[in-house]
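Asker: Structure provided below as structure tokens; questions to follow.
The values are calculated or read from the model by the stated rules, or taken from the named source; none is laboratory data. Since we're looking at a predicted model, the values are computed, not measured. Every residue, glycine among them, receives a Cβ derived from its backbone with ideal geometry; neighbour counts consider all protein chains shown. The protein model used for the area step is the full one, side chains on, heavy atoms only, and it has no ligands, DNA or RNA in it. Shrake-Rupley method; radii C 1.70, N 1.55, O 1.52, S 1.80 Å.
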Amino acid sequence: MAEVMPVRALRYDPERASPLDALIAPPYDVVSETERAALAAKSPYNIVRVDLPQGDPEQKYTNAARELRRWVEEGILRRDAVPSFYRYHQVFSLGGKEHTRKGFVSRVRLRRFEEGVVLPHERTLSGPRLDRLALARACRTNLSQVFAVYSDPGGSIDAEFSALESRSPEMEGRLGDGVVHRLWRLTDPAAQGRIASALLDKRVYIADGHHRYETMLAIRDELRPQARSPRSSIEYGSMFLTSMDDPGLVILPTHRVVHGLPGFDLARFLDRLRARFDVRELSADTSTRLRGPPEQREGCYLLAAQGRFFSVALRPGEEDAAPGPVVLRRLDVPILHTLILEQVLGIDRSAQERQTNLRYLKDSKTALEESRRPDVQAVFLLNPTRIEQLKAVADAGEVMPQKSTFFYPKLASGLLLDPIDPLEEV
């Protein structure tokens, strides 16, 4: 099903540019204005200058394309001569332990979601889609990768990279969060062929980067009239692929902050919750020690509101009251969105997408601090979605609400760039 191909990536030339630490950046959607300024100050060639352009809305994308073109002309970025699968390790610390997430970067033939080969797991927001499309049109380059997973319990694909990993990496850089990014190139055609064959009977599940994938599809459709072959490079997207069974695969929750609701009354809200949920008030010490829901089963949340803290747990059988297919009625985020945000608080899907009365936070400590703000009505801390739940939702052809998963750590932007050229064949 999934067709993967090696790629001649566009990479920073270490002899002409600064150390990689000064050139790469986190994904555009997690970079604040302050962080952008700090990244740009590291080097005149930091990828944030292109991936997150500043300036007039009508000109900033053109400016980004001109900057990228100048880097190529000056040799700051050079195209690899040999097509490769790029082995990519991310080494990070979490919970006092060191982890390594392993995968590889390749081109993957683009498929519409309804074809059942590349599958989404959550809804997207309209604003980022439009921004990424405008940037891709101007730059004609994939500046970063879509993060996707596949099932390979036997580890046959990872085994093809084992000899490569015994050598020193060809590229290594560290971002401000302490995550180390390492790259090797697998250029052996026989090994590449075995990897491609192993993936032919597999589905690919988007973990992070739904907006980027939708952008790749849109650019492909726009440029198809210029292509001379069905193997044009526009038919392929740039992806980081990792196994669902990789021990370094970590999913964290994204918490919900409800704000700006007119006429909100906490007592009335709690009474309405008790129609389907067991609601138990916690001491402040207990809640801050937990930093999350006190139970790990589905439909359990830590609610923080007006300086008070509550355990909120869906009663057995009440999940059937949630609208939609069964596969979604057993998951924390859809239960929260349908039974609480929509039915109790009246925040419909349109308002959720616009983030009118809802915003998302990844850090539990920050979320709890937000709950004390006068304009915040409620904060819900969630358990993380599990990888098998993501797969079940996608296999059923369904999607969860936006921000249902947080795959940690994020991929680095600027490690590997992939030109989009309708006249180039893979």
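Asker: Among what's in region 5-57 and is among the β-branched types (Val, Ile, Thr) and within 20 Å of the chain's Cα centre (by Cα), pick the residue that is surrounded by the fewest Cβ atoms within 10 Å (Cβ to Cβ).
Answerer: Val30
Asker: Please find, within region 355-396, the residue that is surrounded by the most Cβ atoms within 10 Å (Cβ to Cβ) out of those that are without any contact (Cβ under 8 Å) to a residue 24 or more places away in the chain and not acidic (Asp, Glu).
Answerer: Applying the filter and picking the extreme gives Thr366.
Asker: Checking Tyr408 against (1) surrounded by 21 or more Cβ atoms within 10 Å (Cβ to Cβ); (2) touching a Lys or Arg at 6+ places or on another chain (Cβ under 9 Å); (3) among the aromatic types (Phe, Trp, Tyr), which test does it fail?
Answerer: If we test Tyr408 against (1) surrounded by 21 or more Cβ atoms within 10 Å (Cβ to Cβ); (2) touching a Lys or Arg at 6+ places or on another chain (Cβ under 9 Å); (3) among the aromatic types (Phe, Trp, Tyr), just (1) comes out false.
Asker: Among the residues of region 243-263, count how many are in contact with a helix residue (DSSP H, G or I) (Cβ under 9 Å, 6 or more places away or on another chain), in a strand (DSSP E or B) and closer than 27 Å to Glu160 by Cα.
Answerer: 2
Asker: Now for a separate question. Looking at Arg256, Arg220, Arg212, can you tell me which residue is open to solvent by 30 Å² or more (accessible area, probe 1.4 Å) and among the basic types (Lys, Arg)?
Answerer: Of Arg256, Arg220, Arg212, the one residue that is open to solvent by 30 Å² or more (accessible area, probe 1.4 Å) and among the basic types (Lys, Arg) is Arg212.
Asker: I'd like the full set of residues that are farther than 21 Å from Ala396 by Cβ and part of a loop (DSSP other than H, G, I, E, B), limited to region 308-328.
Answerer: Arg315, Pro316, Gly317, listed by residue number.
Asker: Select the helices (runs of 4 or more DSSP H) contained entirely in region 329-425, then report the ones holding at least 3 residues which are in contact with a Ser or Thr (Cβ under 9 Å, 6 or more places away or on another chain).
Answerer: Where helices (runs of 4 or more DSSP H) fall fully within region 329-425 and carry at least 3 residues being in contact with a Ser or Thr (Cβ under 9 Å, 6 or more places away or on another chain), they are 332-335, 349-354, 387-395.
Asker: Could you tell me whether region 209-229 includes any residue that is in contact (Cβ under 8 Å) with a residue 24 or more places away in the chain, polar (S, T, N, Q) and under 30 Å from Lys391 (Cβ atoms)?
Answerer: Yes, that holds for at least one residue.
Asker: Are there any strands (runs of 3 or more DSSP E) wholly within region 161-234 with 2 or more residues that are under 30 Å from Glu398 (Cα atoms) and β-branched (Val, Ile, Thr), and if so which?
Answerer: Ranges flagged: 204-208.
Asker: Moving on. Hey, could you check region 100-141 for residues that are open to solvent by less than 40 Å² (accessible area, probe 1.4 Å), closer than 18 Å to Leu199 by Cβ and basic (Lys, Arg) and say which is farthest from the chain's Cα centre (by Cα)?
Answerer: Across region 100-141, the extreme among qualifying residues is Arg109.
Asker: Let me ask you something else. Might you check whether a residue that is buried (at least 22 other Cβ atoms within 10 Å of the Cβ) and farther than 19 Å from Ser238 by Cβ occurs anywhere in region 70-77?
Answerer: no
Asker: Give me the pairs: first residue in region 8-36 and at pLDDT 95 or above, second residue β-branched (Val, Ile, Thr), beta-carbon distance under 6 Å, and six or more apart or on different chains, which are they?
Answerer: Sorted first by the residue in region 8-36, then by its partner, the pairs are Ala25/Ile47; Ala25/Val48; Arg36/Val48.
Asker: Output yes when any residue across region 335-344 is under 30 Å from Arg174 (Cβ atoms) and touching a Lys or Arg at 6+ places or on another chain (Cβ under 9 Å), and no when none is.
Answerer: Within region 335-344, none of the residues are under 30 Å from Arg174 (Cβ atoms) and touching a Lys or Arg at 6+ places or on another chain (Cβ under 9 Å).
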